[in-house]
Each structure stands twice: as structure tokens, then as C-alpha cells.
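Taking it in order: structure first as C-alpha cells, then the write-up.
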Amino acid sequence: MPPAYNTSHTFALEADAADALASLKQQFHFPKYQQQDVIYFCGNSLGLQPKNTAAAFETELSTWRGLAVEGYFKGQHPWLHFTDHLTPALGKLTGAQPHEITVMNALTVNLHLMMQSFYKPSGSRYKIMMEAGAFPSDQYAVETQVKQYGYHPADAIIEIAPREGEKTLHEADILAAIAQHGASLALVLFGGIQYYTGQLLPIQSITAAARKAGAVAGWDLAHVTGNVPVQLHNWDVDFAVWCSYKYLNSGPGAAGGVFVHEKHAASIDTPRLGGWWGNDEATRFKMEKGFIPKTNAGGWNLSTTQVFNMVALKASLEIFEQTSIEAIREKSIRLTGYLEYLLQQSPALRCNIITPADPAQRGAQLSLFFPENGRLIHNQLTDSGIVADYREPGVIRLAPAPLYCSFSDVHRFYTTLQKTLA
Ligand SMILES: *Cc1c(COP(=O)(O)O)cnc(C)c1O
């Protein structure tokens, strides 16, 4: 079998020519470096702006200008049901029914709201299991939740860490820990892709183990949604939350996404905090006493739809709708594999790729660990028109998001890197 990749420029040009998604790149704005588009490997932090975003804002501004309050009912996209434009496409990305999804607030707020509903410690079952070194906001959320119930975080939070000398987790270790702590677990809450290492966890098997142990299975999919296909409904995930500004390209502070499995969402008895926007629409405007939640994920909405925090998501999802998450994933596996190959041809870089080598255990991100000089190399890349990020301790994260990164971009990164190292 011929090797899958080689270092020639021709290889990159041919791979782009054969890429059915290549033209989607034209639908994004790129920051410039010396009059040229930068190579943008930071879509895991803030995705690029789609070119249709501005017009989408203008449509809603025009509705507001011309119709004012009537925009809720008579606009081109009536604001009263604005999320209906988002949930079908988000359902395809996450393997959920549209009614199992809502868009509101932002990730950390939604994580708290989901824990308020689904973290119900009682008796000896009160612990939360998560990965060690989780994204800080998730750590803070879990810490403050357990404290609300009077527990000590050191006792109530079980953190799963990599084995001695390793950076990523073993599925077997997680499953063994769930089995070991089963009777004390109220909630199992992992990040689907670990933000620092880029490791994609086996969401289906961890969910199954958590549920078998009698615990709730919740997921933070900040780095998963729009990156890797998942099957939240079929995998029986209880709840999931994500943000819209990473792989979903919806801009800073865009409203976040929430999945609540229909087995919970369909019941008005599932505990939650209420607000008028989560109330049944038939009675919402009667302004009467007595909260009757909608029997879908929208039953967790609190406040009036944040249209201007959602309009960029609507525009961005139109690009996803031009293809499929399966096709995006297929390109992504190849593109990330190509980046990995070229890094392996650059021994002078003196780094370890800590992201798993198995494509099934990663998305569109490689994390390079530098025992020394990581920050210096990151600065040099930035000065050469390559946008990546640096995370302490010692890691440069490269995310070739397949919607707007080409094989030629990855090759240009490689040649730039060779010059930098020389
Ligand atoms: C990006 C990210 C967040 C960010 O949360 P916000 O509330 O949107 O600021 C939280 N958790 C994880 C795992 C993330 O990757």
C-alpha cells in the first residue's frame, strides 16, 4: 500500500482538488497576514466568521427597525420561534431529535441549570465523577454545586487522572472507576473532547457504564459539537451542553446549546428552575400563576429568546446544512492525519504530540507538548501568520477545522515551520 501522505506541495494540491468540501472555505472571512489569509488553527477556541453572518444580522435589525414588537410574530423569522431555525440542524450534528435541543444562555450557565435538574444527591449517592484537569469553568461549576449541598469538593468530586507518566485517559480506567464507585455516584460528567489534550472520550460506553451504575450521564460537548458526530439520543445521554463559538463559528458569546433527552424533557415533573420562556406557549401570555413547562428541551428556557446572540448561529448552521457532519468528519480525519504526518517529518520541533494517534480518539485538534520553548515557538508561529494557541503548561494546540482549512494550508504551515526551525 502506498503511504497515505507525502511532504510534496503537489500532494496538498491534489488532496484539495479531490476534496468535496474545499469550496466551503470561500464562505468564511480570514484575518490577514501580509495581505494573505492567515492559516487559522484556532477554530477550537473561536471559529471564523461566516460571510453570511452580516446579512443575517441585517435581516433581524431590519425586522426590529421596521416592525419593532411585531417582529416576534411577523418578521421573516418570527422571534417567538427563532430557535426552531436552529434545532433541526443542531439535531443532525448531535444525533438528537430537534425537540431534545434548545439554545439559550451560554455553556457554564447551562451546565449549572442542567446540574440543578439532574444532580440530585441523596444519601450515599452524592458524588460527581469528572476528568482531572477539566476546563476550569467546569471545575468551578462542579465545585460550587457540591458545596451548595454541603459537601466537601475533595470528598464529593472524583477526578480521573491519566496514569503515571501519561497525558491521556484509558477507557478501561474510567469504566473501572465507575464500577468501583458506582453506588456513590450521582453524576458522571466528562468533557467529550478534553480541551488540553484533544482526547475524544468513548461517550457511548461511558454513558452506558454511568447509567448501569445508577448515575446520571452528562456531557460537556464544547469541543465536540460541529467537530465529531455523536448520537446523544440513541446513546441514552441524559443531558449535554456546548458552546456555539468554537467549531460552530457563531461568534464570541453566542448562545449555547443544550440537549435534554426526551425521557426527561417530556415530563413536566422533571425538576428545574422556571421562567416564562420555558412555560407552555398556550398559557405563557395569560400571565397567570403556576409554571407549566414545555414538554421539550425548551422547557428549560428562562428568558425571552436572545435573537442577536443566536442569529450568527443560524447563519453558520446554513453552512453545515450544505454538507453533513459525517462528510466533515471524514475530511477532518484525513486533514488532521496529514498535519500529524508532517509534524512527524519535523523532528527538530522537539515536541510530543499528546493527542491520541488513533483517529477514533480525537477530533480536529493536535496538542503539541513542548518540554521547553513552547511559548517561544508559539510566538514565532504567530509572527509568521499562523494562528494557533498556547495553553499552560507547554502546549500548542493546532486545530485544522475542516470547513475552512485546506490541505494546502497545512502544507504552508509545514513549510513555514521548516523555515522557523532553520
Ligand atoms: C470553551 C469551554 C467552556 C466555555 O464556557 P463558557 O460558559 O461558554 O464561557 C466550558 N467548558 C469547556 C470544556 C470548554 O471547552
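The values are calculated or read from the model by the stated rules, or taken from the named source; none is laboratory data. Predicted model, so just to flag it, every value in this text is computed and none were measured. Here the Cβ is made from the backbone with ideal geometry for all residues, glycine too, and neighbour counts use every protein chain on show.
Taking the stated definitions as given, is Leu189 hydrophobic (A, V, I, L, M, F, W, C), closer than 26 Å to Ser122 by Cβ and crowded, with 20+ Cβ neighbours inside 10 Å? Walk me through it before giving the result.
Working: hydrophobic (A, V, I, L, M, F, W, C): yes; closer than 26 Å to Ser122 by Cβ: yes; crowded, with 20+ Cβ neighbours inside 10 Å: yes.
Judged against the criteria, Leu189 is a match.
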Do we find a residue being touching a Gly at 6+ places or on another chain (Cβ under 9 Å), of a type in the set (S, T, N, Q) and at pLDDT 95 or above anywhere in the range 27-40?
no
Contact list, first residue from the range 292-321 and more than 10 Å from Phe82 (Cβ to Cβ), second anywhere and among the basic types (Lys, Arg) and part of a loop (DSSP other than H, G, I, E, B), beta-carbon distance below 6 Å, six or more apart or interchain, is Trp300/Arg272
Answer with yes or no whether Arg350 is surrounded by 14 or more Cβ atoms within 10 Å (Cβ to Cβ) and of a type outside the set (A, V, I, L, M).
yes
If you scan the range 10-39, which residues turn out to be surrounded by 14 or more Cβ atoms within 10 Å (Cβ to Cβ) and closer than 17 Å to Ile386 by Cβ?
Ala12, Lys25, Phe28, Phe30, Tyr33, Asp37, Val38, Ile39
Determine which member of the set Leu80, Leu61, Leu67 is away from the ligand (no atom under 16 Å from the Cβ), surrounded by 14 or more Cβ atoms within 10 Å (Cβ to Cβ), free of Cβ contacts under 8 Å to residues at least 60 places away in the same chain and assigned to a helix (DSSP H, G or I).
Leu67
With the condition kept exactly as written, say whether any residue in the range 270-284 is surrounded by fewer than 24 Cβ atoms within 10 Å (Cβ to Cβ), of a type in the set (Phe, Trp, Tyr) and within 22 Å of His99 (Cα to Cα).
yes
Members of the range 202-230 that are surrounded by fewer than 22 Cβ atoms within 10 Å (Cβ to Cβ) and either assigned by TED's automatic domain parsing to the domain that holds Arg391 or within 14 Å of the chain's Cα centre (by Cα) (or both)
Pro229
Selection from the range 304-363 of residues that are acidic (Asp, Glu), farther than 22 Å from Ile203 by Cβ and within 18 Å of the chain's Cα centre (by Cα):
Glu318, Glu321
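Hey, among the residues in the range 87-118 that are of a type in the set (Ser, Thr, Tyr) and in contact with a Phe, Trp or Tyr (Cβ under 9 Å, 6 or more places away or on another chain), which one's farthest from the ligand (Cβ to nearest atom)? Even if it seems obvious, please write down each step before you answer.
So in the range 87-118, the residues of a type in the set (Ser, Thr, Tyr) come out as 87, 94, 102, 108, 117.
Right, trim to in contact with a Phe, Trp or Tyr (Cβ under 9 Å, 6 or more places away or on another chain) and you get 94, 102, 108, 117.
Numbers: Thr94: 16, Thr102: 16, Thr108: 3, Ser117: 17 Å.
Only one residue tops the list, namely Ser117.
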It is to be established whether one or more residues within the range 160-168 are over 24 Å from Pro393 (Cα atoms), at pLDDT 95 or above, more than 15 Å from the ligand (Cβ to nearest atom) and over 16 Å from the mean Cα position of the chain (by Cα).
no
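If you take the residues in the range 119-138 that are of a type in the set (D, E, K, R) and surrounded by 16 or more Cβ atoms within 10 Å (Cβ to Cβ), which one is farthest from the ligand (Cβ to nearest atom)?
Kept after step one, since they are of a type in the set (D, E, K, R), are these residues of the range 119-138: 120, 125, 127, 131, 138.
In the following step, the residues that additionally are surrounded by 16 or more Cβ atoms within 10 Å (Cβ to Cβ) were identified as 125, 127, 131, 138.
Working: Arg125: 25, Lys127: 20, Glu131: 10, Asp138: 5 Å.
Among them, the one singled out is Arg125.
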Of all residues in the range 223-273, which are in a strand (DSSP E or B), small (Gly, Ala, Ser) and within 11 Å of the ligand (Cβ to nearest atom)?
Gly256, Gly257
Tally time: how many residues in the range 96-118 are part of a loop (DSSP other than H, G, I, E, B) and surrounded by fewer than 20 Cβ atoms within 10 Å (Cβ to Cβ)?
2
